Amino acid sequence: MNYRPLGRSGVQVSQLCFGTMSFGGDADAQEAARMYRACREAGINFFDSADQYNKGRSEEILGELATKCFNPTASDVNARGSSRRHVRRAVEASLKRLGTDRIDLLYLHQYDTLTPIDEQMRALEDLVRAGKVLYPAASNFAAWQAQAALGVQERHGWSRLQAIQPMYSLVKRQAEVELLPMAQANGVAVIPYSPAGGGLLSGKYAQKGAQGRLATNKMYESRYGDAWMYETAARFADFCRSRGWHAMSVAVAWVAAHPGVTAPIIGARSLEQLQASLDSLKIAMTPELRSQIGALSRTPAPATDRSEETR
């Protein structure tokens, strides 16, 4: 296991991060414990959770490191978002479930369009100064939103965002256009989620309509429902099969090899599933191999229409 800097924090994190969305849901406490031990034995020191996952049960089982707040945690109209009121209350509740006195890395789970960015960053700063959060972070922010947040923090002399968490995979590459370059320019860690496209790139879905989460979960069906994504997944599966590689291992390795990525988040419902993601460490993802795999997918349009100047 290699270790990489978490932004400019001075902290070193493993090149893989384990996401615990399955804890307390698809994985009971016993299976969660087995997966946690396997991650630790592999050298993973970086774990991700959220107060929303399985109504807080994920945090209770994990009791470790990074978490998020933003999404609804109760029926109260104010029990959501990134206002100081909600963020403070959400963190207090997370600390109890996690069984700790501080959260190492707190992500705002989404950008709150109802709360000014200064207020969102002030909420994080208050928690840092109170010693309840060590490092602020943001999940699902656009590049301009993350840059605006950094500008507010710099202007006030507040603790800066040390990490962002975008969706990124062979079938979701928008992060390459502005998010990843923005993070590299600012020294912000990038911790992408869904490196296997919600399972689409695992080799299970040879064609649209195959049984599994993508067919039964409305959110994933919408996110990964385009025909071209299934075509890409089929080409990718053939590519991996011809080389004797597990598609999940290659999908994770491809994301991890982007120079702007710090650690992709891997997830699993069982120890057996987890192993394929851990085996990504065995894939020698050279620039040439990464380019070959990238050619199986659609390259997103550049950030500016003056694309002729980049040729």
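Suppose we filter S270, S297, S291 for residues that are under 23 Å from A32 (Cα atoms), among the hydroxyl-bearing types (S, T, Y) and surrounded by fewer than 23 Cβ atoms within 10 Å (Cβ to Cβ); which single one remains? Outline the logic, then answer.
Working: S297 fails: under 23 Å from A32 (Cα atoms); S291 fails: under 23 Å from A32 (Cα atoms).
Going through S270, S297, S291 in turn, just one is under 23 Å from A32 (Cα atoms), among the hydroxyl-bearing types (S, T, Y) and surrounded by fewer than 23 Cβ atoms within 10 Å (Cβ to Cβ): S270.
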Check: Looking only at region 107-120, which residues are touching a Lys or Arg at 6+ places or on another chain (Cβ under 6 Å) and not in a strand (DSSP E or B)?
Finding: H109
Notebook entry, point to check: Would you pick out the residues in region 41-66 that are of a type outside the set (A, V, I, L, M) and farther than 22 Å from L106 by Cβ?
Noted result: E41, G43
Margin query: With the structure loaded, tell me whether D104 is within 20 Å of the chain's Cα centre (by Cα) and assigned to a strand (DSSP E or B) or whether it fails that test.
Written below: yes
Checklist line | Filter result (modelled with pLDDT under 95, part of a loop (DSSP other than H, G, I, E, B) and under 20 Å from I61 (Cβ atoms)) within region 1-35 | finding: T20, M21, S22, G24, G25, D26, D28
Next item on the list: List every residue pair whose Cβ atoms lie under 7 Å apart, where the two residues are 6 or more positions apart in sequence or sit on different chains, the first residue falls within region 193-207 and is closer than 15 Å to Q165 by Cα and among the β-branched types (V, I, T), and the second residue, located anywhere, is part of a loop (DSSP other than H, G, I, E, B) and at pLDDT below 90.
Entry: none
Next item on the list: Would you mind stating whether A123 is surrounded by fewer than 19 Cβ atoms within 10 Å (Cβ to Cβ), hydrophobic (A, V, I, L, M, F, W, C) and either at pLDDT 95 or above or over 20 Å from the mean Cα position of the chain (by Cα) (or both)?
Entry: no
Check: Mind checking which pairs have a first residue in region 175-190 that is within 17 Å of Q12 (Cα to Cα) and a second that is in a helix (DSSP H, G or I), Cβ under 7 Å, 6 or more apart or different chains?
Finding: V190/L180; V190/A183
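Right, A123: assigned to a helix (DSSP H, G or I), of a type in the set (A, V, I, L, M, F, W, C) and touching a residue at least 60 places away in the same chain (Cβ under 8 Å) or not?
Values: assigned to a helix (DSSP H, G or I): yes; of a type in the set (A, V, I, L, M, F, W, C): yes; touching a residue at least 60 places away in the same chain (Cβ under 8 Å): no.
When the stated conditions are applied, A123 does not pass them.
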Check: Is it the case that V152 is farther than 30 Å from A234 by Cα, aliphatic (A, V, I, L, M), out of contact with any Leu (no Cβ under 7 Å at 6 or more places or on another chain) and in contact (Cβ under 8 Å) with a residue 24 or more places away in the chain?
Finding: yes
Next item on the list: Could you list all residues from region 36-74 that are closer than 19 Å to L278 by Cβ, among the acidic types (D, E) and modelled with pLDDT under 90?
Entry: E64
Margin query: I need the full set of residues from region 12-34 which are within 18 Å of the chain's Cα centre (by Cα) and in contact (Cβ under 8 Å) with a residue 40 or more places away in the chain, in order please.
Written below: V13, S14, Q15, L16, C17, F18, G19, T20, M21, S22
Checklist line | Number of the exception - A233 against (1) surrounded by 15 or more Cβ atoms within 10 Å (Cβ to Cβ); (2) more than 13 Å from L201 (Cα to Cα) | finding: (2)
Next item on the list: Might you let me know whether region 242-263 holds any residue that is surrounded by 14 or more Cβ atoms within 10 Å (Cβ to Cβ), charged (D, E, K, R) and either more than 26 Å from I164 (Cβ to Cβ) or touching a strand residue (DSSP E or B) at 6+ places or on another chain (Cβ under 6 Å) (or both)?
Entry: no
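The values are calculated or read from the model by the stated rules, or taken from the named source; none is laboratory data. Quick caveat, the model's predicted, so the values are computed rather than measured. Here Cβ is always computed from backbone atoms with ideal geometry, including for glycine, and neighbour counts include all displayed protein chains.
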